[in-house]
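What follows is a short report on a single structure.
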């Protein structure tokens, strides 16, 4: 054998070994006992600055702060402006304008839900060998069982189907909205505490050799602002009564997350558990978006979004840039991560870590951002689509953000977020060409959009009013019934 031939054979073997090494270390090659457990925690309407790790001084969140300090704290984690659209983005990896859930939330009096042709994250992870569970709020369809979590890939379900409920009675307008595995549950307790206890018990009883995906979706601190008195009493120095109650709600949320982490530690699986935490949108700053169960028009809304403009329901940063972190000891480098991440990125990132195939999904908008999360590397994402609706839209490319309202009188706003994250200075008149480019992008996305189901639905229910008795498929004896 000639020296040159031997060289090329050894080189080929080296390449093969390198390829095999990469395959063996990739998520797709992981054995079942190596796949990470995933605990995905979502808060509801939590203000960006209402947690200690973002500078809050009057509300205590020690458990969240410890997790953030030991993990990757995100400065540019984006969601949709409201609850249903964000949750749809998480479950599909696709922007909600693609399937009609881009406008508002699904009202309790409405019968539509997330398109059943979408292949959801729990379905994807279940195929990869995961046990899947949702503990908490769903809000992606409630009037027909075909929209419910158990029918969309979750092995276990506990909590509420709609978006808003009384924290103590677990109902809206006298209609119970509290279920376990599709069956109504009547029990006493504060929802945040009940959800934390259930999640902890689920972890304690889980067979750790099977990977777990737990979607823990608290309804706190969404309206109505209610908290156990013991939590309210922890904040005698907060003068405003609504802020005091809100603080109690956030601290209870923090306590229950601490309970869940303690269960993970006790189970001995902390080393192989990824925890992702974020809010579903920014804190509420306008009573119009504060829910229907209480009149907030005369109340000082308690949420604090820090330096970011406005809040829930708008296209500004206060609605869409939320408090968030990821924690996985030994796998995520502690520190601040500035890269762009959007809710649609969660699905493909989790799927890659789980070795799960996304072949059954419709074309994803999300990208695998694991290296950004774990190592702080440059994000592959350069664009954020805040929303696309018939009457407004917003998009960010690089540091430039366009907010375009098309209803008369129309308006165009352009911001350089690198210099003006608070969106105080409209630069549209100074950069007309950049405005044109971003408007063209929104026009193109609009042509791809499905019609908003919320607007279609309102033509049907306008005579009934927005706030009526919730629609849930339950008989008078509280048993669940199939919808025709």
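Just so it is clear, none of the values below were taken in a lab; they were calculated from the coordinates. No experiment lies behind these values; they were computed from the predicted model shown. FYI the Cβ positions are ideal-geometry reconstructions off the backbone, even for glycines, and counts take in every protein chain you see.
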Original post:
Relative to the present Cα-Cα distance, how much length would full extension add between residue 459 and residue 299 at 0.36 nm per residue of separation?
Top reply: 54.5 nm
Original post:
Could you give the nm distance between label points at residue 410 and residue 426, where each point is 7 Å from its Cα heading toward the beta carbon?
Top reply: 1.4
Original post:
Is the shape of segment 76-127 rounded, prolate or oblate, going by the alpha carbon gyration tensor and its root eigenvalues a ≥ b ≥ c, with a/c under 1.5 for rounded and a/b larger than b/c for prolate?
Top reply: oblate
Subject >> Residue-span extension gain [residue 434 to residue 209] - 0.36 nm each, minus C-alpha spacing >> reply: 75.7 nm
Original post:
Which shape class, rounded, prolate or oblate, goes with segment 344-391 when its Cα gyration tensor gives a ≥ b ≥ c as root eigenvalues, a/c under 1.5 marks rounded, and past that a/b bigger than b/c marks prolate?
Top reply: oblate
Original post:
Would you list 416, 280 from fewest to most Cβ contacts within 10 Å?
Top reply: 416, 280
Subject >> Ascending count of other beta-carbon atoms within 10 Å, so fewest first, for 357, 209 >> reply: 209, 357
Original post:
What number, rounded to the nearest 500 deg cm²/dmol, is the helix-based mean residue ellipticity at 222 nm of the chain, given -39500 (n - 2.57) per DSSP H run of at least four residues and division by all its residues?
Top reply: -9000 deg cm²/dmol
Original post:
Exposure proxy check: 152, 321, 381 ranked by fewest other beta carbons within 10 Å?
Top reply: 381, 152, 321
Original post:
Given the chain, what percent of its DSSP beta bridges are antiparallel, to the nearest 5?
Top reply: 55
Original post:
Roughly how many nanometres apart are two label points built 7 Å out from the Cα toward the Cβ at residue 397 and residue 287?
Top reply: 4.1
Original post:
Say each of residue 240 and residue 383 gets a label point 7 Å from the Cα, pointing the same way as Cα to Cβ; how far apart are those two points in nm?
Top reply: 3.8
Subject >> Distance between segment 350-368 and segment 211-285 - C-alpha centres, whole angstrom >> reply: 29
**OP:** Using a/c under 1.5 as the rounded threshold, could you call segment 391-449 rounded, prolate or oblate? The axes a ≥ b ≥ c are square roots of the C-alpha gyration tensor eigenvalues, and prolate needs a/b larger than b/c, oblate otherwise.
**Re:** prolate
Subject >> Alpha carbon centroid spacing (whole Å) that separates segment 131-195 from segment 88-103 >> reply: 21
**OP:** Multiply the residue gap between residue 265 and residue 183 by 0.36 nm, knock off their C-alpha separation, and tell me the result in nm, one decimal place.
**Re:** 26.4 nm
